[in-house]
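A.B. asks: This is the structure I have questions about; it appears just below.
Bear in mind that the values in this text are calculations on the coordinates, not laboratory data. Bear in mind the structure is a predicted one, so any value in this text is a computation, not a measurement. When we count neighbours, we look across all protein chains shown, and the Cβ atoms used for this are built from the backbone with ideal geometry, even at glycine.
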Amino acid sequence: MRIRKAVIPAAGLGTRILPASKAVPKEMLPIVDKPAIQYIVEEAVDAGITDILIITNRGKAVIEDHFDHSVELENALREKERFSELETIEKIAKLANVMFLRQGETGGLGHAVLKAKTFVDNEPFAVLYGDDVIIGDTPAIGELAQAYEKYGLGVAGVQPVPIEEIGKYCSLEVEPIADRIMKVTDMIEKPSPYQVMSEYAILGRVILPPEIFDILNNIPKGANNELQLTDAMRVLARSKGMTGVQFSGKRYDMGNKLSYMQANVEMGLKNPSFGSQFRQYLKELTQKF
Ligand code: UTP
C-alpha cells in the first residue's frame, strides 16, 4: 500500500538547545534561510506524501503561521515586483495538505504519535521526527516507503553510529536481508555498553502500521514517565519484525548544538548564491587556528 500520510511530532520542549528554543520552537530554527521543519515537509512531499499532520503544543503557533499564507507579505512583495521571493513564500502554503493538532502535554513521542490516530485512520503512515533534518539526493522517507511496499512490515530508518555514542540512541538487533536493508527483531533505547545490540540506530524516520495505536494504548509509560514510541516499536519488532533501511542522506539533529552548526556550515557551502564565498571565508578562517 502506498504511503500517503505523515505525522511530524514537533511538540517537544527542546531542552538540549536552550536558550534558542525558549520562545522559538527548535523545529523552526533555520538551516541557512529555511526552517528545519520546512526541509522535513518538503522531504515528505518529494516522497509522494499528500497529507501531513504536525503535532504542536503551546508556544509553537509560529509553525502554523509558517505553513499558512502571509497575505500582507505576499501583497507587499507583489507591489514591489519582487516575484522570486513572492513565489518562494507562496509555495510554502501550497506544499501539501498540512494540518495541526496540539499534543496538550509533552507526554513523549509515543503520546504524540497516539494523538494522530484519527488522522491516520487505519492505514500505514510515515513518522518524521520534527527535529531531524535529512539532506540527500533522494527523500529518506521515500526510501523507507519503498521497503514498506516490498516487505509489508513497519520500517525504521537506520544508520550506524559510533559505538561509543550508541548509548544516546536506540540500538537494534538486525539480520541483513539485502544491501542497506535488514530485518529488525528487537531494539533497546539508550543501552548501557553491555546491552548494545548493534551499531545500527533509528534516526528520525519510521513507517508504522496502524496496529501501533493498539500497542501504544496497551503499554505502560516508559523512561522519563513518558509514553515512548520505541517501547511500542519493540513490541512490533519482537512479534512480526520490522524492516531496517539504511537511508542514503545525512541526518542533522536540530536539538543538538554541534549538529545544528554542522547543518548550517554544510548547507552554507552548498548555497548557490554565496557558497563559494563562504568556502573561501572558511579556508581563510581555518588557517588562523
Ligand atoms: P526529542 O526527544 O528529540 O525532543 O523528540 P525533545 O523532547 O524536545 O527533547 P530535548 O528536550 O531536546 O531532549 C523528537 C521529536 O519528537 C517531538 C519533538 O518536538 C521532536 O521533534 N516530541 C517529543 C513531541 O512531539 N512530543 C513529545 O512529548 C516529545
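A.B. asks: Cut-off is 10 Å between beta-carbons; in what order do 276, 192 appear when sorted fewest neighbours first?
C.D. replies: Details: 276 11, 192 8.
Least to most surrounded, the residues fall as 192, 276.
A.B. asks: Starting with the fewest neighbours, write out 129, 200 ranked by other beta-carbon atoms found within 10 Å of each beta-carbon.
C.D. replies: Fewest-to-most Cβ neighbours within 10 Å comes out as 200, 129.
A.B. asks: Ok, one more. Amide H neighbours of residue 159 under 5 Å, counting only residues 5+ apart in sequence or on other chains, H built in-plane at 1.01 Å?
C.D. replies: 201, 203
A.B. asks: Further, regarding this structure: May I ask for the angle, rounded to the nearest 10°, between helix 83-93 and the longest principal axis of the chain, with both axes built from Cα atoms and the value confined to 0 to 90°?
C.D. replies: In the chain, helix 83-93 runs at an angle near 30 degrees to the longest axis.
A.B. asks: Right, another one. Using Cα atoms only, what is the angle between the long axis of helix 257-270 and the major principal axis of the chain, expressed in degrees (0 to 90) to the nearest 10?
C.D. replies: For 257-270 against the chain, the angle is about 50 degrees.
A.B. asks: Quick one: compute the contact order of the chain, relative version, from alpha carbon pairs under 8 angstrom and 6+ residues apart, as a percent.
C.D. replies: 23 percent
A.B. asks: With angles folded into 0 to 90 degrees, how steeply does helix 229-239 sit against the dominant principal axis of the chain? Use alpha carbons for both and round to 10.
C.D. replies: Approximately 40 degrees, to the nearest ten.
A.B. asks: Taking neighbour Cβ counts within 10 Å as the exposure measure, how do 285, 109, 77 sort from fewest upward?
C.D. replies: Least to most surrounded, the residues fall as 285, 77, 109.
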